[in-house]
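Participant: Pasting in a structure now, in structure tokens, and then I'll have a few things to ask.
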Amino acid sequence: MGYPAAFRRKNPESRRLFEEQVMWSLARSSDIVLEIDLDSIRINFRTVLTLVGPQVRVAAVVKSDAYGLGIVNIASALIDVGCDLLFVANLEEALLLRSCFGGIAIAVFRDEFHRFGAWYKSHDLIPVVNNCEELHAAATVGEAQTYFLNVETGFARFGLSVADVQRQNLLRTFERYRPSIVLSHLACSECIWDATNVLQRERFRAVYELLKPTRGSLAASAGVWLGKSYHFDMVRIGSAIYGINNAGTQTNPLQPVVKLRARILDVRSVPIGEAVGYGATFRTARASRIAIVAIGYKHGIPWSCANKIFVRLGEYLVPSIGRISMEYMTIDVTDIPAERCVPGDFVELLNDDLTVNNLAAAAGVSPQETLTRLGAGCPRKYLNFSPSAAFTASRPMTVRSPSRAKSRPMDK
Ligand SMILES: *Cc1c(COP(=O)(O)O)cnc(C)c1O
């Protein structure tokens, strides 16, 4: 158990309390369940494989704890269906994945390669090189260091500029120490008609031609639907795996991955003309029955979806009324037979029809944000988990920390 060692030695009472708390949380059933179907994860990955065709590699993006859904379990499901390259946000996520899975490539979107190069090397991680300092560090390690190169084409986040790449001295560096993949990120791929897409693609193509035979990767999930000319040699998909609809105007072949339900805590009668919740944003227009549901913005329900969404209760669709509060939300169950709405029952907030896209649209936020917050805020339950064969192939984590990594830049 994870209690601090100091508790154990100095304070047996706090150890006992800690253990009691753990036992209690195991004993009680959760008021909220975010159900994650790993088979849907596998199917969505395969669907994109088919969409892009055999010439294009599909890498999976599992940053931010796999968009909140749990990086290790999601990675395991992806590896089951042949995914061999995973992108993570930082070294912390990379080291966690590496401790579970050997034999797959893990690339880190951004984490100070020039300072922590020794960690990348000893755990076989691939840095995405985002600036000249990191490039210099990669060149200093030499051929032994596989790296990807990020080039900025119109997002103004990380990456070398196109002009940087074209500089003669850097071109010589690239010739000697070739990046295995050059990548860039699209700003407007959700809008198929946005001219920014073409501009970024053409800037990227110039760099791609210059760095050949280095392979290229421009598209994330939404870019898959922009068509073949955006796929280059590899796509990097995150949200598509998690069932978010990026298909724009086209039919969406992806499956929803999550279901979310929360428990009804109380049902009460409210007379006509009374206010419901903070700010009195809802006032009853008739004598009403209101159910209080055990989920709020702390768990990731967007505050801004107040009075705008429906939840499912059995065969009924029930409107959310009043503000979403920290731990609770309220629904209007006046039209539901009393015996069909009892404290202890669950309502569904997400299912195959009520999707993350719907919830996000009602709230005026992005589906990625909505999913990541719900994943981080709700107790998660996995369906169709089978420990990936890759688990068994995993190597024990090397405990020795690379001494050169202290905080000194690796380059002289
Ligand atoms: C997050 C991210 C992706 C994946 O984006 P989705 O739209 O969720 O597929 C790909 N590339 C980069 C650089 C990213 O930051």
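The values are calculated or read from the model by the stated rules, or taken from the named source; none is laboratory data. Predicted model only: the values in this text are computed from it and were never measured. No Cβ is skipped: glycine too gets one built from the backbone with ideal geometry, and neighbour counts run over all protein chains shown.
Participant: Only one of these is more than 15 Å from the ligand (Cβ to nearest atom) and aliphatic (A, V, I, L, M): Ile192, Ile237, Ile272, Ile244. Name it.
Facilitator: The unique qualifying residue is Ile272.
Participant: Which of the helices (runs of 4 or more DSSP H) contained wholly in the stretch 311-411 include at least 1 residues that are at pLDDT below 95 and in contact with an Asp or Glu (Cβ under 9 Å, 6 or more places away or on another chain)?
Facilitator: Where helices (runs of 4 or more DSSP H) fall fully within the stretch 311-411 and carry at least 1 residues being at pLDDT below 95 and in contact with an Asp or Glu (Cβ under 9 Å, 6 or more places away or on another chain), they are 389-392.
Participant: Say whether the condition of being under 16 Å from Gly296 (Cα atoms) and basic (Lys, Arg) is met by at least one residue in the stretch 312-325.
Facilitator: Yes, that holds for at least one residue.
Participant: Select from the stretch 166-197 the residues that are in a helix (DSSP H, G or I) and either within 14 Å of Ala139 (Cβ to Cβ) or not assigned by TED's automatic domain parsing to the domain that holds Thr146 (or both) and list them in ascending order.
Facilitator: Correct list: Asn169, Leu170, Leu171, Arg172, Thr173, Phe174, Glu175, Arg176.
Participant: At positive phi and in the same structural domain as Ile331 (by TED's automatic domain parsing): which single residue out of Ala280, Ala285 fits that description?
Facilitator: It is Ala280.
Participant: Here is a list: Phe232, Phe204. Which entry is within 16 Å of the ligand (Cβ to nearest atom) and under 24 Å from the mean Cα position of the chain (by Cα)?
Facilitator: Just a single option satisfies the conditions, and that option is Phe232.
Participant: Looking only at the stretch 106-124, count how many residues are basic (Lys, Arg) and part of a helix (DSSP H, G or I).
Facilitator: 2
Participant: Identify all residues within the stretch 148-158 that are modelled with pLDDT of 95 or more and either touching a strand residue (DSSP E or B) at 6+ places or on another chain (Cβ under 8 Å) or part of a helix (DSSP H, G or I) (or both); write none if there are none.
Facilitator: Listed by number, the residues that qualify are Phe148, Leu149, Asn150, Val151, Glu152.
Participant: If you don't mind, there's one more thing I want to ask. Within the stretch 1-105, considering only helices (runs of 4 or more DSSP H) that don't extend past its boundaries, which have at least 2 residues that are more than 16 Å from the ligand (Cβ to nearest atom)?
Facilitator: 5-10, 12-27, 38-52, 71-80, 91-100
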